[in-house]
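Trainee: Please find one structure pasted underneath; my questions will follow.
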Amino acid sequence: MMKITDAKVIVTCPGRNFVTLKIYTDEDLYGIGDATLNGREKAVVAYLEEHVIPCLIGMQADRIEDIWQYLYRGCYWRRGPVTMTAISAVDMALWDIKGKAAGMPVYQLLGGASRDGVMVYGHANGETLEETVEEVGKYIDMGYKAIRAQTGIPGLPSTYGVSGDKMFYEPANGALPSENVWSTEKYLTHAPKLFERLRETYGDEPHLLHDVHHRLTPIEAARLGKLLEPYRLFWMEDCVAADNQEGLRRVREHTVTPLAIGEIFNSIWNCKTLIEEQLIDYIRATVVHAGGITHLRQIAGFAALHHVRTGCHGATDLSPVCMGAALNFNLWVPNFGIQEYMRHTPETDAVFPHEYSFKDGYLHPGNKPGLGVDIDEKLAAKYPYQRAYLPINRLQDGTMWNW
Ligand code: CS2
Ligand code: MG
């Protein structure tokens, strides 16, 4: 049986940090997994190097489920973003190996394609309503069927999702966290105007999405959801910080705007109530942070029982390795909703050569055995790690708030 002979962690920073686990076997096959946790990368590196890799050596590489259970139950201190990102990376790498050994792309091992392509959404943003409306038009011209729109808020110097770089928005920066200032009142007054303008300009066809990014209370989110109803959003994302899953009951009572949550979730326990009470319409959990393909498959299966569809996170801080794994998962998963696709920079794409390709608003993982992504280690070595933090957010009176 194929044995794991070695494993190593590769940290590279082509414009932003990425962490990749590479697992070697005694049958001249290797697999790779994304282990990137934006702003906390080194915690996952240490977890893998000190606590996971020594246990992997000598294990049978084909025993994906058993190794998942070993790393989950065997850790004692269960769950959390660092632990689950490390487990996710091992899981992705083992699925990559299994696909290569079988001579098939991973989606075939999961059950084959359930669709011809994976519908994706891009990120349009602008300082002003006018600029944001124009940016959405550029994404429509690129062929996107679904576009997330985020705009600056008059009276606030900066806000989430709005950046000078229109294509590769990536918030981690600086040797210490930068500070944003937030006003819910200003935001609630301004955000609906953007979607009114977008529907006036582009009509009913484009799927429009918006990310509230954890910043409202349930009743404020209910108010925003009602204000946005005339514009028929595809989803309103992270409308509240979902530590309190029951809080979404208050939002659900007041609005039919579809709700998406979960990019920061790392296990089914973060979303069990949200799903079984149908408090959300899309679960945003991803391959890299929610236990890999093995656990995301369980979350999706549970979601399918409750009319909840997948909407995997796919920002620039999730590497092309995660995108390759996610696309294999999305091509198969029966209750697919949408996949986020913020493009990576050419430097990043060069470090991570991949099969997936974009056409008319859809991505396809390609048919190369495994995940369809690799890492150019020589090139990766040219970009040394640079510590970077996600921003923090305060209210105008200085109170710490959710970024
Ligand atoms: C965002 C992300 O893509 C999204 O929906 O929430 O940009 C998120 O802020 C980053 O991935 C955090 O690292
Ligand atoms: Mg988000």
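The values are calculated or read from the model by the stated rules, or taken from the named source; none is laboratory data. Computed from a predicted structure; not experimentally measured. Here the Cβ is made from the backbone with ideal geometry for all residues, glycine too, and neighbour counts use every protein chain on show. Each accessible area value is taken on the protein alone, full model and side chains, heavy atoms only, with ligands, DNA and RNA left out. Shrake-Rupley method; radii C 1.70, N 1.55, O 1.52, S 1.80 Å.
Trainee: At q = 0.20 Å⁻¹, work out log10 I(q)/I(0) for the stretch 119-251 with the Debye formula, treating every Cα as an identical point scatterer and leaving solvent out; two decimals please.
Mentor: With one equal scatterer per Cα and no solvent, log10 I(q)/I(0) is -1.25.
Trainee: Show which lysines lie in cross-link reach of LYS368 when reach means a straight Cα distance below 30 angstrom and same-chain residues fewer than eight apart are skipped.
Mentor: Of all the lysines, those that pass the test against LYS368 - Cα under 30 Å, at least 8 places apart if same chain - are LYS3, LYS8, LYS22, LYS98, LYS100, LYS145, LYS359, LYS378, LYS382.
Trainee: Sticking with this structure for a sec: Quickly work out the ASN402-to-SER114 label distance, labels modelled 7 Å from Cα along the C-beta direction, and quote it in nm with one decimal.
Mentor: 2.7 nm
Trainee: Next question, about the same structure. Ignoring ligands, DNA and RNA, what accessible area per residue does the chain give at 1.4 Å, in Å²?
Mentor: The answer is 39 Å² per residue.
Trainee: Run the paramagnetic zone check for ARG387: 7 angstrom along Cα to Cβ, then residues of the stretch 165-182 with backbone nitrogen under 19 Å.
Mentor: Residues passing the 19 Å test: 171-179.
Trainee: A further question on this structure: Ignoring solvent entirely, what values of log10 I(q)/I(0) come out of the Debye formula for the stretch 110-369 at 0.13, 0.16 Å⁻¹ when each Cα is a single scatterer?
Mentor: Debye output, listed in q order: -0.83, -1.30.
Trainee: Express in nm, to one decimal, how much length is gained between ARG394 and ASP349 on full extension, taking 0.36 nm for each residue of separation and deducting their alpha carbon distance.
Mentor: Going from the current span to full extension adds 12.7 nm.
Trainee: Calculate what fraction, in whole %, of the accessible area of the stretch 4-105 sits on carbon and sulfur atoms when a 1.4 Å probe is rolled over the protein chains.
Mentor: 51 percent
Trainee: I've got another one for you. Rg and Dmax of the stretch 224-309, using alpha carbons, in Å: what are they?
Mentor: Answer for the stretch 224-309, Rg first and Dmax second: 12.5, 39 Å.
Trainee: Going by average Cβ density within 10 Å per residue, which order do the peptides 35-47, 197-209 take, highest to lowest?
Mentor: Put in order of decreasing packing, that is 35-47, 197-209.
Trainee: Let me ask another. Excluding ligands and nucleic acids, what accessible area in Å² is computed for THR273 using a 1.4 Å probe, to the nearest 10?
Mentor: 30 Å²
Trainee: With each label point set 7 Å from Cα along the Cα-Cβ vector, what nm distance links GLU134 and GLN298?
Mentor: 4.9 nm
Trainee: Can you tell me the FRET efficiency between LYS42 and THR217 if r is taken as the Cβ-Cβ distance and R0 is 30 Å, rounded to the nearest 0.05?
Mentor: 0.35
Trainee: Read phi for every residue in the stretch 293-307 and hand back ³J(HN,Hα) as whole Hz from Karplus 6.51 cos²θ - 1.76 cosθ + 1.60, θ = phi - 60°, with x for Gly and Pro.
Mentor: Whole-Hz 3J(HN,Hα) from phi for the stretch 293-307: 5, 4, 7, 4, 5, 5, 4, 5, x, 5, 5, 4, 5, 10, 6.
Trainee: Moving to a separate point now. Sort 95-107, 176-188 by the packing proxy (mean of other Cβ within 10 Å over each peptide's residues), most packed first.
Mentor: My ranking of the peptides, most packed first, is 95-107, 176-188.
Trainee: Under a GNM of the chain (C-alpha, springs under 10 Å), which listed residue has the highest mean-square fluctuation: LEU379, LEU327, LEU233?
Mentor: Of LEU379, LEU327, LEU233, the Gaussian network model singles out LEU379 as fluctuating most.
Trainee: Here's something else I'd like to know. So what are the ³J(HN,Hα) numbers for the stretch 274-288, from phi and the Karplus equation (6.51, -1.76, 1.60; θ = phi - 60°), rounded to whole Hz, Gly and Pro as x?
Mentor: Working through the residues one at a time gives 4, 7, 5, 9, 6, 7, 10, 10, 9, 9, 8, 3, 10, 4, 6 Hz.
Trainee: Efficiency by 1/(1 + (r/R0)^6): what FRET value for MET1 and ARG73, r their Cβ-Cβ distance, R0 = 25 Å, to the nearest 0.05?
Mentor: 0.65
Trainee: Note down the nm distance, to one decimal, between modelled labels 7 Å out along Cα→Cβ at LEU156 and at TYR202.
Mentor: 2.1 nm
Trainee: Stokes-Einstein diffusion coefficient for the stretch 44-164 at 25 °C in a medium of 0.890 mPa s, Rh from the Kirkwood formula over Cα pairs: what value in µm²/s?
Mentor: 134 µm²/s
Trainee: While we're here: Once you have the Cα-Cα distance between GLU276 and ASP66, take 0.36 nm times their residue separation minus that, and quote the gain in nm to one decimal.
Mentor: 72.9 nm is the gain from fully extending GLU276 to ASP66.
Trainee: Shifting gears a bit: Express the carbon and sulfur contribution to the solvent-accessible surface of the stretch 207-332 as a percent, rounded to the nearest whole number, probe 1.4 angstrom.
Mentor: 53 percent
Trainee: Can you list the equivalent-ellipsoid semi-axes of the stretch 1-89, largest first and in whole Å, using the square root of 5 times each Cα gyration tensor eigenvalue?
Mentor: In descending order, the three semi-axes are 21, 17, 9 Å.
Trainee: When you count, for each residue, the other Cβ atoms within 10 Å and take the mean per peptide, how do 251-259, 14-22 rank with the highest first?
Mentor: 14-22, 251-259
Trainee: Also, I was wondering about something else. Can you run phi through the Karplus equation (6.51, -1.76, 1.60; θ = phi - 60°) for the stretch 15-25 and list ³J(HN,Hα) in whole Hz, with x for Gly and Pro?
Mentor: Taking θ as phi minus 60°, the curve returns x, 7, 6, 10, 10, 10, 9, 10, 10, 9, 10 Hz for the stretch 15-25.
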